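The structure appears below as C-alpha cells.
The values are calculated or read from the model by the stated rules, or taken from the named source; none is laboratory data. The shown structure was predicted, so the numbers you read here are calculated from the model rather than taken from an experiment. A quick note on method: Cβ atoms are made from the backbone with ideal geometry, for glycine too, and the neighbour counts reach across all protein chains shown. Each accessible area value is taken on the protein alone, full model and side chains, heavy atoms only, with ligands, DNA and RNA left out. Shrake-Rupley method; radii C 1.70, N 1.55, O 1.52, S 1.80 Å.
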Amino acid sequence: MALFSVSKTAFLLAFLSLRTYQSEVLSEPLPWAPESLKVSVNTTSQSLHLQWTVHNLAHHQEFRMVFQIEISRIKTSNVIWVENYTTTVKWNQVLHWSWESKLPLECAKHFIRMRSAVDAAKTPGPRVWSSWSSWEEADVQNSLGQDLLFVFPKDKLVEEGSNVTICYVSKSHQNNISCYLEGVRMQGEQLDPNVSVFNLNHVAFIRETGTNIYCKPGQGDGIKGTVLFVSKVLQEPKDFSCETQDLMTLNCTWDPGSDTGLLKQLSQSYTLFESFSGKKILCKHKSWCLWQVAPESQDMYNFTLTAENYLRKRSVHLLFHLTHRVHPMAPFNVLFKNVNATSATMTWKVHAIGKYYTLLCQVELYGEGKVTQHNVSVKVDGVHLFSGLEPDTEYLAQVRCANGDHFWKWSEWTHQNFTTVEAAPSEAPDVWRNVKIVQGRCVVTLFWKPLSKLQAHGKILFYNIVIEYLDRTSGSEVLSIPAPASGTELPLNQCSSQIRITASNSVGTSPASVLVVSREPGNEEVEEERVKGTEDGFPLSWNPQPRHVTGYLVEWCEQPRDPPCDLQWKNLGPNVTSTVVSSDAFRPGVRYNFRIYGISTERVPCLLARKTGYSQELAPSDNPQVVMTNLTSHSFTLSWKNYSTESQPSFIQGYHVYLKSKAGRCHSGSEKAVLSDDAVCCKYKIDNPEQKTFVVENLQPESFYEFLVTPYTSVGEGPHDAFAKVTTPDEYSPTLIRILLPTVFCILLIMITCYLKSQWMKEKCYPDIPDPYKSSVLSLIKSKENPHLTIMNIKDCVPDSIEVLNKQEGTRKSFTETESTKPTYLYLLPTEKRYSSPGPCICFENFTYNQAASDSASCGHVPAPPKAPPSQLGLLTSPENLLKALEKNYMNSLGEIPAGETSLNYVSQLASPMSGDMSNLPKNPPEPALCSEYKMQMAIPLGLASPPSSGSSSLSSITLLDEGERYH
Amino acid sequence: SPGAPISPAEPISQAYSLALYMQKNTSALLHTYLQHQGSPFSDPGFSAPELQLSSLPPAAVSFKTWHALDDGERLSHAQGAFLALTQHLQLVGDDQRDLNPGSPILLSQLGAARLRAQGLLGNMAAIMTALGLPIPPEEDTLGVVPFGASAFERKCRGYVVTREYGHWTDRAVRDLALLKAKYPG
C-alpha cells in the first residue's frame, strides 16, 4: 500500500513536471503563483482562514484565476479537502478564503497548500497550474495551556437535528478516558494516541441552558467538558397577512412558530421589508408589526417578512393592493327611531375609509325565533327600516360592514335591542262554558284560554264580559275580570242569554267571542259510546249534522277524578267529523268522558255524542267489598252493591266468583279453575257488570268454604289475594236456635224483673233487723240519765281475753306484743295505751237481744253502724259466719293472723294470771274491781260476732252481753 | 497592644452566631447550584474534589497544621478566604445570571451567601481589632478573570466556589469556637 502511494506520488510529480515543462516550452512561464500564504485559525467558528497574494501581477491587470487548495489533517499526506476557488484577481490584491472544519481544529493539526491557474473556461485546452505552495501548518494544540485534558468544541451552537463532532485532547497519555453526553457514555474513535473523536448525529434539543458533554480520566484529575447549545430550527413564519382598518396603518400578523432563543442565541428577530418603497422595519413583536401607510402614495405593496437567528434566515412574501385588504371597524352609534307596533328604523354610523369608498353593511334581525338579513350600502350613515314586525316583541338587531368595492373581511358585529309597541289583540279569546241550574237559576261558568303572544299583541289587562238577555227586558250586564284569570262563574238572571267576551290590553280590545246560553239542556239523552284510546290520544268521530253548524266542539275533563276536573275543549271546523284528542295529562287506568257539541249559527251548542274510554285499560287493582248474607247449611248470598263500575281502571265486563272447598267438586253453573298458587276452585261467571249479588248454592253442611268475588275486564281480573272464609252450619242448628233463643230471652226477662224489684222482694222475704242505736228506746233511756242503767261502760269493764290458740306455734306472746308481726294472742280491746292502762274489757253480747242494747254501757261498742247492710247481720246468725266475720275483722285490724288452725279460748279476768299457760299474759292485768258491774259471764265457743269495721274501726272489741246482765 | 478594646468576646460571639447561621445554609446552596447545572453536576452523589481554583485558597488543612496556628494566623487565613469567596461568589452570580437566567432561586441564594460572607468579614475585622491584630489589606484575589471561560468551565468554577464556601464556613465555625472558648464573655 505504501509502495503504491509512493509510486502514485512519483507518477503525479512526474506528470506535473512534464506539464510545467510543456507550459514553459509552449508559452511564457506561469508568473501568477500564490505566495505569502498565511493560515489563521478561528476556533470559535472552527474555521481556517487563508490569505495570500498573487505574484507578478502587472499593474491594472485583472485575471480570473482558479486556486486549488488542499487541506490535510494530522499529516500532509492525509488530504481531507481539495477545493477550486475561482475569483478575479487584481494587482496587489490580498485574497481570502475560509474553510469550516467539522472536526474542532484543536483536535488535530491541519496542513494547507495551494496552487493557481488562470481560469481557462473561455479558452479551450488543459489548465496550466502553478507549482504548489509549501504546506502551511495550522496547529492550535500548542496553545491549549497547561491542563492535561481538553474537550472541544467549546460552547458550540447547532441546530436541532444536525451532526456534531466532539473530541478530547489528552496530554497525560492516559487512554482510559470516558466521555458522556448528559450522563450517557459516548463511543468514539481514536484519531491519534491522545485524541478521540465522537460523532453525534441528529442532536436533540434538551434545554435552553445547553447540553453538558464531559470527559473524565479513569483515575483522578477532574472532569473536563463542554456545553453544546442545541437550538430549535427556525421556522418559516406562517399565515403572514396584512390588512388595514382605515387606510392609514397596515397591521401585519403571522404565526412565528417555535422560539429559537437560547443562552447563546437571542430569539429570532423579524424584519419587514417593502420592495416598492424600499423601506424596512425591525418588528418589535414576534407575531405582528405595524406599517404606516403613506397617504395616497402607494396602492401596491410587496412585503417580505424575514425571520432570522444566529444560524438561519427564513422569509415569506406578500403582494397585495391596499384597498383589497380593508377590514373595517365595527359600526357604532346604532339607534332605533320611529319604533311602533310593526316597524322600526335603525340608524348607525361607520368609520370612514378614505373618501371614495362605500361600505357594504349587513343587518340581521332576530326575533320570535326567526332571523332576517338585509344588505345596505353605506357611506357614513346607515339607515334601514324593519317592517312586518310583531307588536310588543323584543328584537335583537346587529350590523357589520365590509369594503363594498373589494370584499376582504366583515367587521365585528354591533348589537342593539329594541321592543315594538303594543297593539290591540288580534283574536277573540277561545271561550267555553258550563251551565248549571242552582235553585232554579242558571249559573254559567265561563272558561277561556289565554291568548298566545302573537294574538295578544301586548299584556292582556282584563277580560270584558257582556251578558245580553235574549228577552230584551232584563237589559244587559257588563263585567270586567282582571287578567290573568282564566274563567269566572256568573249567576244569570235568566238562562236565555248571549255572552260576549273580549280581551283588552293597554291599546285596545280584541274581537268578541259569543256564547249563547239556553235553559234547554240540549240533547242529554245521547247514548254514551265507548272509545278506545291509543298512544296518540282518543280518536273521536261523529255524524255530520244535517243542520247548518258553524263548527263542532269537543269537551272533556283532564282530571276526571278530582272535583275541579280541569275542563278542556277543542274547537273544530264545520266540515270536520273526526278528531284525535291528545294530552300529556292522560293517564292509563283513568276513564275520560268526551262530549261533542255542534255549534249552531246562533252560537247555541247542541250535544251530539258522548264518548268514554281509557287511554289504556289497566287490570282492576281492587276487588269489591263483598257482604255475605243468608248463610244456611246449603247456601249463602254474596252482595257488593257499593261497587262502582264507573270508577274502575277499565271497563268492567262482569265478575268471577271463586269458591274453594275441600270437596273440590264443582256444580253446574261453575267450572273448575286453577289459581296462580295452584289452588283448585270453582269459578262462577257473571256476565252483567250491574249484577252485584250472587247466591252460592249446593253447599255441604258443616263445611269450610273460601270465596272471592273479582271483576273481570278485557285486560284481566282483579287480584286473587284475600279469600273470605265461611263455614256452613249443620242442618239442625237452625231449629235448635229457634227453641233456644226464646228460652234464653224469657230467663233474661225474669232476671231483669227480679233485679228491678229486688227491694220489694227483700222486704217481703226477709226484712231488716232494726238497729238498736236507732231505736226510739235510746232517747227514752237518755232522758232518764241513769248511769247505772243499761249498756256497760268500757271503763267499768274487767277485760277478759279471747285466746287465739295457734297450734303450730310453740311459744305464746303477751297481748302487749300484738303489734309484732305474728301475734299469738289477740288483744280484743283497742291497742291504744289509754285503753290498755285501765285494762281492756270485752263484752259478750247476746245478739238475740241486741235490740235492747243500752247506751249506758260504754263497753257495749257494738260498732254496728246503723247503715250496716242488713244482709250482713243476717248472715251473722250462723255461728260459723260469725267466726268468719271475726277472723276477717282481725285481719283488717291487726294486719294478719297466723296461718294454721286457730281456736278461741275465753279467759276470765278473774282467773289467776300466773296459772297455767298464762304466764305471758298482759303485764298490767286488769283490776278485778273495775268490772264490778259484770254479773255473769259466759264463755262462748267459737260463736263470736264481729262488728263491722266502719266508723271507729280501730275499736275491735267484741261485745257479747248476756241479755240478763244488760237489763238489770 | 495599645488601642485594643478590652473585651473581644462580643465580636467573637457575633461572628460565631453568624458563622453557625451560614453553616445551616451552605449545603442547600451547593445543592441548589448543582441542580441547575445539568449532568454530571446534578447527578446524585456528584463530587469532584480534584477541581480547584488557583485563585481560591482551599479550606482543607491538616488538623495538626490548623491547631498549630495562632489566633492571628487563623483569623488571617479565614479573612483572606472569605475575602476571596465574596469576590468569587460575585463572579459565580454573574456567571449564573448568564447560564441560568430563569432561576431566581439560585441567583438569590448566591447573592445571600455573598452578603453573609461580607458580614462575616466585617465581624472578623472587629475581632482582629479587638485582639489588636493587624487587619490584612483588601486585595484583588481574583486578578484577571478569564472572561472567555467556556460555559462548562464556568459551571465547574461555580461548583468549586460554592463547595469551598461551605468548607470555609465549617472551618470558620471551628476557628471561632476556639476563640470563643479562649475569650469567654
Check: Restricting attention to the range A:246-264, which residues are polar (S, T, N, Q), open to solvent by 10 Å² or more (accessible area, probe 1.4 Å) and at pLDDT below 90?
Finding: A:258
Check: Can you find even one residue in the range B:130-137 that is within 14 Å of another protein chain (Cβ to nearest Cβ) and either closer than 29 Å to residue A:214 by Cβ or at pLDDT below 90 (or both)?
Finding: no
Checklist line | Given (1) within 14 Å of chain A (Cβ to nearest Cβ); (2) open to solvent by 20 Å² or more (accessible area, probe 1.4 Å), number of the condition residue B:158 does not satisfy | finding: (2)
Item checked: Any hit, the range B:14-22, residues being open to solvent by 40 Å² or more (accessible area, probe 1.4 Å) and either within 14 Å of chain A (Cβ to nearest Cβ) or within 25 Å of residue B:156 (Cα to Cα) (or both) -> no
Next item on the list: Would you check which residues across the range A:554-572 are open to solvent by 60 Å² or more (accessible area, probe 1.4 Å) and touching a residue at least 40 places away in the same chain (Cβ under 8 Å) and list them?
Entry: A:561, A:571
Check: In the range A:494-509, what count of residues is obtained for those that are open to solvent by 10 Å² or more (accessible area, probe 1.4 Å) and among the small types (Gly, Ala, Ser)?
Finding: 3
Notebook entry, point to check: Out of all the residues in the range A:170-184, is one or more of a type in the set (Val, Ile, Thr), in contact (Cβ under 8 Å) with a residue 60 or more places away in the chain and either surrounded by 13 or more Cβ atoms within 10 Å (Cβ to Cβ) or over 30 Å from residue A:86 (Cα atoms) (or both)?
Noted result: no
Note to self: Can you list residue pairs whose Cβ atoms sit under 9 Å apart, with the first residue in the range A:683-694 being free of Cβ contacts under 8 Å to residues at least 60 places away in the same chain and of a type in the set (Phe, Trp, Tyr) and the second being open to solvent by 50 Å² or more (accessible area, probe 1.4 Å) and assigned to a strand (DSSP E or B)? Count only pairs 6 or more apart in sequence or on different chains.
What the structure shows: A:684/A:671
Checklist line | Those residues of the range A:175-197 which are more than 14 Å from chain B (Cβ to nearest Cβ) and small (Gly, Ala, Ser), in sequence order | finding: A:188, A:196
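Residue-by-condition table, conditions (1) in a helix (DSSP H, G or I); (2) away from chain A (no Cβ under 14 Å); (3) surrounded by fewer than 19 Cβ atoms within 10 Å (Cβ to Cβ); (4) without any contact (Cβ under 8 Å) to a residue 60 or more places away in the chain:
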{"residue": "B:80", "(1), (2), (3), (4)": "yes, yes, yes, no"}
{"residue": "B:86", "(1), (2), (3), (4)": "yes, yes, no, yes"}
{"residue": "B:93", "(1), (2), (3), (4)": "yes, yes, no, yes"}
{"residue": "B:102", "(1), (2), (3), (4)": "no, no, yes, yes"}
{"residue": "B:118", "(1), (2), (3), (4)": "yes, yes, yes, yes"}
{"residue": "B:123", "(1), (2), (3), (4)": "yes, yes, no, no"}
Next item on the list: Give the range A:146-169 a look and list any residue that's more than 11 Å from residue A:202 (Cα to Cα) and either under 60 Å from the mean Cα position of the chain (by Cα) or outside any strand (DSSP E or B) (or both), or say none.
Entry: A:146, A:147, A:148, A:153, A:154, A:155
Notebook entry, point to check: Looking at the range A:665-696, which of the residues that are open to solvent by 100 Å² or more (accessible area, probe 1.4 Å) and in contact with a Gly (Cβ under 9 Å, 6 or more places away or on another chain) is farthest from residue A:654 (Cα to Cα)?
Noted result: A:672
Next item on the list: Would you mind stating whether residue A:511 is part of a loop (DSSP other than H, G, I, E, B) and within 24 Å of residue A:468 (Cβ to Cβ)?
Entry: yes
Next item on the list: Would you confirm whether any residue within the range A:329-341 is in a strand (DSSP E or B), without any contact (Cβ under 8 Å) to a residue 40 or more places away in the chain and at positive phi?
Entry: yes
Next item on the list: Inspect all residues belonging to the range B:141-150 and state whether any of them is within 26 Å of residue B:63 (Cα to Cα) and buried (at least 16 other Cβ atoms within 10 Å of the Cβ).
Entry: yes
Margin query: Return the residues of the range A:235-272 that are hydroxyl-bearing (Ser, Thr, Tyr) and within 14 Å of chain B (Cβ to nearest Cβ); say none if nothing qualifies.
Written below: A:267
Item checked: Hey, residue A:377 loosely packed, with under 13 Cβ neighbours inside 10 Å, among the small types (Gly, Ala, Ser) and in contact with a strand residue (DSSP E or B) (Cβ under 7 Å, 6 or more places away or on another chain) or not -> yes
Checklist line | Residues being under 25 Å from residue B:138 (Cα atoms), surrounded by 14 or more Cβ atoms within 10 Å (Cβ to Cβ) and either within 14 Å of another protein chain (Cβ to nearest Cβ) or at pLDDT 90 or above (or both) - total across the range B:39-55 | finding: 2
Notebook entry, point to check: Does any residue of the range A:273-288 turn out to be away from chain B (no Cβ under 14 Å), open to solvent by less than 10 Å² (accessible area, probe 1.4 Å) and assigned to a strand (DSSP E or B)?
Noted result: yes
Next item on the list: Hey, can you tell me all the residues within the range A:310-346 that are surrounded by 14 or more Cβ atoms within 10 Å (Cβ to Cβ), more than 22 Å from residue A:410 (Cβ to Cβ) and over 50 Å from the mean Cα position of the chain (by Cα)?
Entry: A:310, A:311, A:312, A:314, A:315, A:316
Note to self: Condition first: open to solvent by 20 Å² or more (accessible area, probe 1.4 Å) and either at pLDDT 85 or above or in contact with a Pro (Cβ under 6 Å, 6 or more places away or on another chain) (or both). Now tell me which residues in the range A:455-470 satisfy that.
What the structure shows: A:455, A:457, A:459, A:460, A:461, A:462, A:464, A:466, A:468
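Need a quick list: strands (runs of 3 or more DSSP E) entirely within the range A:603-690 having at least 2 residues that are farther than 30 Å from residue A:556 by Cβ.
A:627-629, A:636-639, A:652-661, A:670-674, A:680-686
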Notebook entry, point to check: Yes or no: residue B:28 assigned to a loop (DSSP other than H, G, I, E, B), open to solvent by less than 60 Å² (accessible area, probe 1.4 Å) and either within 28 Å of residue A:181 (Cα to Cα) or within 14 Å of chain A (Cβ to nearest Cβ) (or both)?
Noted result: no
Checklist line | the range A:289-308, residues that are farther than 15 Å from residue A:325 by Cβ, in a loop (DSSP other than H, G, I, E, B) and open to solvent by 50 Å² or more (accessible area, probe 1.4 Å) | finding: A:295, A:296, A:297
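Listed here are the residues, each with its yes/no results for (1) within 14 Å of chain A (Cβ to nearest Cβ); (2) of a type in the set (A, V, I, L, M); (3) part of a loop (DSSP other than H, G, I, E, B); (4) under 25 Å from residue A:263 (Cα atoms).
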{"residue": "B:109", "(1), (2), (3), (4)": "no, no, no, yes"}
{"residue": "B:114", "(1), (2), (3), (4)": "no, no, no, yes"}
{"residue": "B:127", "(1), (2), (3), (4)": "no, yes, no, no"}
{"residue": "B:164", "(1), (2), (3), (4)": "no, no, no, no"}
{"residue": "B:168", "(1), (2), (3), (4)": "no, no, no, no"}
{"residue": "B:178", "(1), (2), (3), (4)": "no, yes, no, no"}
{"residue": "B:181", "(1), (2), (3), (4)": "no, yes, no, no"}
{"residue": "B:184", "(1), (2), (3), (4)": "no, no, yes, no"}
Notebook entry, point to check: Hey, residue A:193 hits all of (1) in contact (Cβ under 8 Å) with a residue 40 or more places away in the chain; (2) more than 29 Å from residue A:161 (Cβ to Cβ); (3) surrounded by fewer than 18 Cβ atoms within 10 Å (Cβ to Cβ) but one; which does it fall short on?
Noted result: (1)
